[in-house]
Every structure is written in C-alpha cells, then in structure tokens.
1. Let me confirm something: among Gly188, Gly167, Gly214, which residue is open to solvent by 10 Å² or more (accessible area, probe 1.4 Å) and either in contact with a Gly (Cβ under 8 Å, 6 or more places away or on another chain) or on the phi < 0 side of the Ramachandran plot (or both)?
2. Which number in (1) closer than 24 Å to Ala294 by Cα; (2) assigned to a loop (DSSP other than H, G, I, E, B); (3) among the hydrophobic types (A, V, I, L, M, F, W, C) marks the one condition that Leu79 misses?
3. Hey, among the residues in the stretch 91-126 that are in a loop (DSSP other than H, G, I, E, B) and in contact (Cβ under 8 Å) with a residue 60 or more places away in the chain, which one's farthest from Val145 (Cα to Cα)?
4. Could you please tell me which pairs satisfy a Cβ distance under 7 Å, a separation of 6+ or placement on different chains, a first residue in the stretch 143-171 that is in contact (Cβ under 8 Å) with a residue 12 or more places away in the chain and within 24 Å of Thr238 (Cα to Cα), and a second residue that is of a type in the set (Asp, Glu) and not in a strand (DSSP E or B)?
5. Output the number of the condition that Glu267 fails; it satisfies all remaining conditions of (1) charged (D, E, K, R); (2) touching a residue at least 60 places away in the same chain (Cβ under 8 Å); (3) not in a loop (DSSP other than H, G, I, E, B).
6. Considering only the stretch 305-322, I want to know if a residue exists there that is touching a Gly at 6+ places or on another chain (Cβ under 8 Å) and open to solvent by 10 Å² or more (accessible area, probe 1.4 Å).
7. Can you run down the residue pairs with Cβ atoms below 9 Å, 6 or more apart or on separate chains, where the first is in the stretch 351-362 and buried (at least 16 other Cβ atoms within 10 Å of the Cβ) and the partner is acidic (Asp, Glu)?
8. Against the condition among the aliphatic types (A, V, I, L, M) and either farther than 24 Å from Ser347 by Cα or in contact with an Asp or Glu (Cβ under 6 Å, 6 or more places away or on another chain) (or both), how does Val127 come out, does it pass?
Amino acid sequence: MPDYYIGLMSGTSLDGVDAVLAEARGTRVRFHDSAHLRYPVALRTHLLALHETGSDELRRAALLANQLTDLYAAAARKLLARARISTRAVTAIGCHGQTVRHQPRLGYTTQLVNGARLAERTGIAVVCDFRSRDIAAGGEGAPLVPTFHDAMFHSTRNGRVIVNVGGIANLTRLPARGTVIGFDCGPGNGLLDAWIRHKQHKSFDASGKWAASGRVIPRLLRKLLAHPYFRRRPPKSTGRDEFHLRWVQRALTGSERPADVQATLLELAATTIARAVRDHGGGAREVFICGGGARNRALLARLAALLPGKRIATTAAIGIEPGHVEALAFAWLARQALRHRPGNLPSVTGARGARVLGAIYPR
C-alpha cells in the first residue's frame, strides 16, 4: 500500500499555496502530483500589513491563520481530486504555514496556520510549527530544507550546491563527503516582486524581463550590499523583518528610473547568491536552482556570468522540478516527525543538536 504525504508551502513571496502529493519510499519521497491556489488579493494585503507592528495584532493574526488554514485545506482537497487519491490513503500533511515574523535571536518565529483546524477540515493528520523546536535548541530555525536536499540530492561522486530562490534565497552545500552547511543568502524574489507590484501592480517580473530592460545603479547596489546581514557568518537566517520595500525606498534618491531599480535588485540577489557560492560552496562545480527564482531567466543568466566555470541548472536536471522542491521538503519533514527522526541539521541552523521537528495534530 503506498504511503502518501501532502506538503503545503506558502513562502515569503506571498503568492499562494503550493501543494504536492509525495509517495514515501525508504528514506526518500517521490513526487506524485501538485496543485496551486493563489492568495486572494485581500488576504495577501492583510498578511503584508501583519509583517509590521500595528494595532490588535493578536486578533488579526488569529483570524488570518484561520483564513489561511481554510485555503490550505482547499489546496489539499484540490490536490487529492487531481490525483484521485482518498484522504484515507494520506498519512499526514506537512504544512509550513505563512511566516509573518522571524526573530531567532529573540527566541521566536511565527508561521500562521491553525493545525487543529486543518486536521478537522481535511480529516488528515497534520504536522506544522517545524521551526520552533530548532530555535528552542539555540538554532536559527531556518533554513530547514538543507536536510531534505541532503536526503534527495546528495551525490557521492561530486559536491553540489543547491540554491532555493524564494522570497529569500538560501544555499545548501552538499559535499561528496563531509559536513552539509546551509544558510539564507539574502533577498531572492521578495524585493523584485515588491518593487514591480509597487510600480506596475504586477505580482512578479516574468522571466526577469523588466529587470533586464534596466541598468544597474552602482551607487544603489553598494548601499544595499552594505547591509550588515551580508557580513554575518553562518549559521544565519533572515526574512521580511530585514529585507522589505521600505528598506529599498530609504536607499533611493527619487531620481532613479523604476526599471533601473529593478535591475539593481536583481543584481543584489545574484551578487549575494554568487558570493555565498564562492565563499561557502566548497569548490562545487555544479549549482542547482529551485524555487520561483528558477523561472527568472535574467537571474540565471547573471548567476552564470558571476560564477564562470560552474554548471548552473535547475533541480529538474537531478530529478525534481524546481517549483516542487520546497513543498516536497515539508511532506518529507512531516514523515520525519511521525517516525521520530530529526528534521534539522545543527551544522546548518546552529542548534545544540539534532531535533525532531513539528507539532502533530492526529487525524
């Protein structure tokens, strides 16, 4: 009898819910099917507002968690209908939730989801709140996907680097032998999406075409690269708490062409990723990209230019479509939790040791 898990992921790009159905095989999982539900505009607006300090935050967060949970449940139902799989065949759902605050140095992280409500809405066991245990153990709570990357993409023949480009970009170094490391490089799609939404009312810059039409502003790039996060040594993690539209706007003079700002933001992402690969990639000659940024041709072209001699490809080349990787990771992490196996890597997060991650809501 197949052992199925659902992974539900909504990342810092705030575009919607990615749902994947995974079939467990040994220590790995195999992609079976996927579905996507976009965020309603009002929900996305309220979530963005909650990233900032405001009035009545507890009530707003609780109500938004319930709205999100109903969307997660709808995504799970859509996925199972597409796959023609019954809820009884699914062992558990791994749901990341929607990050609205990430402050590991203050000892907390907040991902909105109502796990009990999701279990009731779907009739399936739910595992969520994956990051809190790692933070309680002294870790960053992020990134968590390197554990999954190690399970799925490790090669004994040669070292690899996996770069997940979501709203925030993170890197995983997978040596053929030795210690896996990983960390958040800095902004990925998040600032690009925020700027094009602000100026053109579009959700994202398709293939990076708008950025490619502009010219990098050296002064602005230097100012953005001066952010102290880029000088911190791993383990480290970040989010919208540090890299947001207001941060970019404070660096502007007001005379810049909007397309040139977009070009500069793309160069910021490419530069910080390339530096991370050069400084921490262990000399790996293969770099595989996943996440929404894998569809940004302009970004991939800049990475190829900044990393000469390295093969730049998407994770499709090693078995998993780039848009499925992160949701699959949380299906796999749910299985780890139910099997009482660790979901973190202390060499990545800085936690005091390996920990079983996630709060479990039985079916």
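The values are calculated or read from the model by the stated rules, or taken from the named source; none is laboratory data. All values reported here derive from a predicted model rather than from experimental measurement. Every residue, glycine as well, gets a Cβ built from its backbone with ideal geometry; the counts of neighbours run over all protein chains shown. Keep in mind that these areas ignore ligands, DNA and RNA; they rest on the heavy atoms of the full protein, side chains included. Shrake-Rupley method; radii C 1.70, N 1.55, O 1.52, S 1.80 Å.
1. Gly214
2. That leaves (2) as the condition not met.
3. Ranking the candidates gives Gly123 first.
4. Final answer for the pair search is Val145/Glu326; Asn164/Glu326; Gly166/Glu326.
5. Only one criterion is unmet by Glu267, namely (2).
6. Yes, that holds for at least one residue.
7. Once the first residue is buried (at least 16 other Cβ atoms within 10 Å of the Cβ) and sits in the stretch 351-362, its partners that are acidic (Asp, Glu) give Ala351/Asp134; Ala351/Glu140; Arg355/Asp134; Leu357/Asp129; Leu357/Asp134; Gly358/Asp129; Tyr361/Glu120.
8. no
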